[in-house]
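Below you'll find the structure, written out as structure tokens, and then a few comments.
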Amino acid sequence: MQAWVVDHPGPVATSSPLRRVQLPEPEPGPGEVRIRVTACGVCRTDLHLAEGDLAPRRDRTVPGHEVVGVVDALGTGTGRFTVGDRIGAAWLRRTCGRCRFCRSGRENLCPDARFTGWDADGGYAELCLVPEAYAYRLPGSLDDVTAAPLLCAGIVGYRALRRAELPPGGRLGIYGFGASAHVVAQVAIAQGATVHVLTRSAAARELALSLGAASAGPADDVPPEALDSAVLFAPAGELVPVAMRALDAGGTLAVAGIHLSDVPALDYDSELFRERQLRSVTANTRADGDEFLHLASTLGVRPRTDPRPLAAADQALEDLAADRIIGAAVLVTE
Ligand SMILES: [Zn+2]
Ligand SMILES: [Zn+2]
């Protein structure tokens, strides 16, 4: 099968960390099903893996963890799906099921968690294996390309929104406006929030306003009103104090990314005191995923997609790194 692997992690603009290869067709192991991939979203985490911001966990791994396709082979001991079912595979690939986090509804914090496209081959390929217990059924209202970005950008973004403790009808600031942020904005707006978007990309600011954001300004702007909650999607640690200053008393900032550049020292009086809270977000639980996919379908959330052929995955990552993608890039197998 055709696939891409991370060969030599490095900057996508000046090196070629991805290599296009032919791999043997993977055979599903016990508890796994095989997906014939039709669409795979391009997530910023793929870029962090390609560029080495996240250290590789094995050699020459196929990236991609927003995988949509059709079940075409079943491993032993499976029974949740049948051949021909349309399913999705996401970032969280496997957890231990026994630790105190797994046993208390926090499997996203499992120290033995494994991730698609990092610990095991992902969806930048024609075929991909997924443990059936960690796969998702996809709402029929979403076509393959539209569903793909929901599997990480959507699910993890939704967890970030919940971690930001946005009150009903509240004022939400969104820093950075890529794939995840523009999905979260749609959820928050549909639920009655006032959303202020702060991002360096003028095209992304235009998209934000077209989706119903109340305001859109540069990343270091002061939003027009104090915020109850904010989510930092840009992997830019220098925006943490900026966003903390924009919070009202009692407000919460959730940092959504898996990788963040250095965070400058916070000024206690203006950036933390008065019960402002700073939180991180780590992956998601399967319950987050099911809840979000149902919500996305009922609220009519639709990511703006930029479909690319699978053969152009390297170009898609370069465009993501250079802020040339509006919404979410999705690789489509021919
Ligand atoms: Zn565990
Ligand atoms: Zn992701």
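Coordinate-derived values only; no laboratory data. This one's a predicted model, so the numbers in the text were calculated from it and none came from an experiment. In this analysis, Cβ positions are derived from the backbone assuming ideal geometry, glycine residues included, and neighbour counts consider all displayed protein chains.
The table below gives the values:
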| read-out | value |
| --- | --- |
| Phi-based couplings in Hz for segment 148-164 (Karplus 6.51, -1.76, 1.60; Gly and Pro marked x) | 3, x, 5, 6, 10, 3, x, 5, 5, x, 5, 5, 4, 4, 5, 5, 7 |
| Residues 271, 165, sorted so that the one with the fewest Cβ neighbours within 10 Å comes first | 165, 271 |
| Residue among 153, 254, 287 with the largest mean-square fluctuation in a Gaussian network model of the chain, springs linking Cα atoms under 10 Å | 287 |
| Summed side-chain charge close to residue 272 - residues other than residue 272 whose Cβ falls under 15 Å, Lys, Arg +1, Asp, Glu -1 | -1 |
| Residue exposure sequence - 295, 92 - by fewest surrounding Cβ within 10 Å | 295, 92 |
| Spherically averaged projected area of segment 156-280 from its Cα convex hull (nm²) | 6.4 nm² |
| Pair residue 263, residue 291: separation of 7 Å Cα→Cβ label points (nm) | 2.3 nm |
| Rounded tilt (10° steps) of 286-299 against the dominant C-alpha axis of the chain | 70 degrees |
| Sorted by Cβ density within 10 Å, fewest first, the residues 124, 134, 268, 175 | 268, 134, 175, 124 |
| Sequence-distant residues sharing a close amide H with residue 120 (under 5 Å, placed H) | 115 |
| Long-range amide H partners of residue 199 with built H, under 5 Å | 176, 217, 219 |
| Computed helical MRE - 222 nm, the chain, DSSP H runs ≥ 4 contributing -39500 (n - 2.57), nearest 500 | -6500 deg cm²/dmol |
| Around residue 179: net Lys/Arg minus Asp/Glu count, Cβ-Cβ under 10 Å | 0 |
| Distance between segment 44-100 and segment 265-293 - C-alpha centres, whole angstrom | 25 Å |
| Karplus-derived HN-Hα couplings along segment 119-133 (A = 6.51, B = -1.76, C = 1.60, θ = phi - 60°), whole Hz, x at Gly and Pro | 8, 8, 4, x, x, 7, 6, 7, 9, 8, 9, 9, x, 4, 5 |
| Radius 15 Å from Cβ of residue 63, net charge of other residues (Lys, Arg +1; Asp, Glu -1) | -2 |
| Max mean-square fluctuation residue, GNM over the chain, Cα-Cα springs under 10 Å, options 78, 14, 61 | 14 |
| Per-residue ³J(HN,Hα) for segment 53-61, Karplus 6.51 cos²θ - 1.76 cosθ + 1.60, θ = phi - 60°, Hz, x for Gly and Pro | 5, 10, 5, x, 9, 7, 6, 6, 8 |
| Estimated translational D of the chain in µm²/s (Stokes, Kirkwood radius over Cα pairs; 37 °C; 0.692 mPa s) | 164 µm²/s |
| Distant-in-sequence amide H partners of residue 308 (H built 1.01 Å from N, under 5 Å) | 330, 331, 332 |
| Of 229, 297, 261, the one that fluctuates the most in a GNM where the chain has Cα springs shorter than 10 Å | 261 |
